[in-house]
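Right, one structure below, let's go through it.
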Amino acid sequence: MNLPEIPGLQCIALLNRGSSLVTWKAIQESLQREVDVRIVEPDMLPEQREQILKMARLVARLTHPNLAQVIDIVSNASITYVLTEHVEGATLAEMVAGTGPLKASQALRIAEQLAEALQYAWAEAQLVVRNLKPQNIRVNAQGILKLSEFTLAVQIVEGQNPIAADGGHIVGTPHFIAPEQARGDSAIDTRADMYAFGAVLYFLVTGLSPFEGRDHYDILQQQITGQIPHPRTVNDQ
C-alpha cells in the first residue's frame with residue numbers, strides 16, 4: 001500500500017485498516033513528534049463522517065491520563081482525518097497473544113485504568129465508546145493504559161436518537177458488544193460500555209472472548225440469548 005501524502009505529515013507505517021478508517025503512524029513535521037492519523041474512507045456517508053468529527057471534537061475537550069489526546073481534525077474536499085496522540089506499546093490483544101492469559105493481578109491493574117477512563121468519559125461528556133475491544137486498547141512501557149479509538153462513539157443527549165447515524169446497521173465488534181447493541185436498540189448508555197469492559201476483562205484472563213460462533217450473526221445471537229461460560233471453566237489458573 002502506498003503511503004498517503006498529507007501536507008505537514010510524514011506517514012511511516014500502517015497501523016490498522018477498519019471498515020471506516022485507515023490509521024497510520026506519522027511524524028508531525030512542525031513539532032517532529034509521532035502521531036496517529038485516522039483517515040476517513042472517502043465513500044463514507046456524510047452523516048457518518050460528521051459523527052466521527054463530532055466525537056473527535058468532543059474527545060478533544062477531555063483530559064484524562066488513560067485517554068489518548070485528540071490533536072486536530074482536518075476535513076476538506078480532498079481528505080478527512082483525525083490526528084491523535086501516538087501510543088507506543090502493545091494492544092491488549094497483542095499482550096495475550098504473546099504471553100497467553102494474564103495473571104489476575106496484571107489484568108486487574110489494566111481493568112482499573114480502563115474503568116477509570118470509561119467512568120470519566122461518561123461523567124464528563126455522557127460518552128459511550130461502543131467499540132471497546134482488546135485490539136483498540138494499548139498499554140505503554142510504563143504500564144499506562146491508553147484508550148484511543150472513538151470512531152463509533154456517541155454522546156447520549158436526552159431527546160436524541162444516539163444511533164441515528166448508523167443507517168440501521170449494528171455497529172461494534174460482535175464478540176464484545178452488549179446485548180442492547182446486538183439488538184440495535186437506541187436506548188443505550190454507559191452500561192453498554194460496562195458490558196464490553198467485562199468482556200475485555202474476560203478475554204484478558206481466559207484468552208478468549210465470551211462467545212465464539214460460526215459467523216458474526218451467530219455471535220450476535222449468543223450475545224442476546226446466550227450464557228457466558230464461567231472463566232474458570234476456560235482457564236482454571
Which residue, of ARG38, ARG57, ARG61, is buried (at least 18 other Cβ atoms within 10 Å of the Cβ) and of a type in the set (Lys, Arg)? ARG38
So the check is Cβ under 9 Å with 6+ separation or different chains; which pairs have a first residue in segment 29-48 that's touching a residue at least 40 places away in the same chain (Cβ under 8 Å) and assigned to a strand (DSSP E or B) and a second one that's of a type in the set (Lys, Arg) and surrounded by 11 or more Cβ atoms within 10 Å (Cβ to Cβ)? GLU34/LYS25; VAL35/LYS25; ASP36/LYS25; VAL37/LYS25; VAL40/ARG49
Which one of ILE177, ILE219, ILE228 is in the same structural domain as SER105 (by TED's automatic domain parsing) and surrounded by fewer than 19 Cβ atoms within 10 Å (Cβ to Cβ)? ILE228
Looking at segment 141-157, is at least one residue in contact with a Gly (Cβ under 7 Å, 6 or more places away or on another chain) and under 22 Å from GLY207 (Cα atoms)? yes
Residues of segment 1-15 being part of a strand (DSSP E or B), free of Cβ contacts under 8 Å to residues at least 24 places away in the same chain and within 27 Å of ALA93 (Cα to Cα), in sequence order, are ILE12, ALA13, LEU14, LEU15
Selection from segment 67-103 of residues that are outside any strand (DSSP E or B), under 13 Å from PHE150 (Cβ atoms) and of a type in the set (S, T, N, Q): GLN69
Under the condition of being loosely packed, with under 15 Cβ neighbours inside 10 Å and within 17 Å of the chain's Cα centre (by Cα), which residue from segment 17-35 is farthest from ILE163 (Cα to Cα)? ARG17
Restricting segment 66-87 to residues that are within 16 Å of the chain's Cα centre (by Cα) and surrounded by fewer than 18 Cβ atoms within 10 Å (Cβ to Cβ), the one nearest to ALA121 (Cα to Cα) turns out to be GLN69
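The values are calculated or read from the model by the stated rules, or taken from the named source; none is laboratory data. No experiment lies behind these values; they were computed from the predicted model shown. Reconstructed Cβ throughout: ideal geometry from the backbone, glycine too, with neighbour counts over all protein chains shown.
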